[in-house]
Amino acid sequence: MDSVPKKRKSVSRRAFIQSVSGGAVGAGVVSRLLGKEPRPRPTGPGELEVFEKKRISFTVNGRKVILDAEPRETLLQVLRERLRLTGAKRVCNRGECGGCTVLLNGRTVYACHLLAVQADGADVLTVEGLASGDKLHPVQQAFIDKDGYQCGFCTPGFLLASVGLLAKNKQPTFDEIRAGLAGNICRCGNYQKIYAAVGAAAEVLRRG
Ligand code: FES
Ligand code: FES
């Protein structure tokens, strides 16, 4: 008597691998195999929501912000795209140029290289928060007085890096200014005037 092939209830190995390699469909099969249905995403047919959002809160330029951030979102994305604070620039987006420099709890950081969730509970200062009303910060004023910019694209990053530097070192030498700003690139090559501006700002800040 011919044996009747048994019907297989489980997903075959081949079907499993084909499904998994099928991206979103594969993820759906995996979820079913694990006994979990994928959570539907309201937009984007055929897509699955991959990242859970995390509620975070931090202070930006003295104002408290509460938002739901994806774990993959950088602080720079949140500042520019969600809070519309576009002073910090997205240039290299990989921690090389300093265009996105902000202060986090007084420390100079690349906002493109920091996840937004890492800023949870922190105090963030961007170039938009440097001036007090109509009164420019002494570093801003010194950049104007000493022509510390040409196209100005790198300027917000240099301003924040300079403020961070002068908070740590109130009387930097020329070499210390150069070393302190080494993480920022000016494509216009305006370095000498930038260093002069930082030296002038240091003097103003020391006088109080
Ligand atoms: S944009 Fe962040 S370091 Fe270049
Ligand atoms: S002033 Fe143009 S990049 Fe620095």
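Some observations on this one:
- Size of charge dipole - the range 56-208 - debye, nearest 20, with Cβ of Lys, Arg +1 and Asp, Glu -1, no other charges: 140 debye
- Karplus (6.51, -1.76, 1.60) ³J(HN,Hα), θ = phi - 60°, over the range 200-208, in Hz, Gly and Pro reported as x: 5, 5, 4, 4, 4, 5, 5, 5, x
- Amide H within-cut-off set for Lys54, under 5 Å, with H built and near neighbours excluded: Ala69, Glu70
- Loop-resident sites, the range 43-143, for trypsin sites (Lys or Arg not before Pro), counting at most 14 other Cβ within 10 Å (DSSP): Lys53, Arg72, Arg84, Arg94
- Shown for Ser57, Ser132, Ser162: other C-beta atoms within 10 Å of each C-beta, ranked fewest to most, produce the order Ser132, Ser57, Ser162.
- Computed from backbone phi, the HN-Hα couplings of the range 77-86 come to 4, 5, 4, 7, 8, 10, 9, 6, 9, 9 Hz, rounded to whole numbers (Karplus: 6.51 cos²θ - 1.76 cosθ + 1.60, θ = phi - 60°; Gly and Pro given as x).
Each value in this text was obtained by applying a stated rule to the coordinates, not by laboratory testing. As the structure is a computational prediction, the values presented were derived from the model and not from experiment. As a convention, Cβ positions derive from the backbone with ideal geometry for all residues, glycine included, and neighbour counts pool all protein chains shown.
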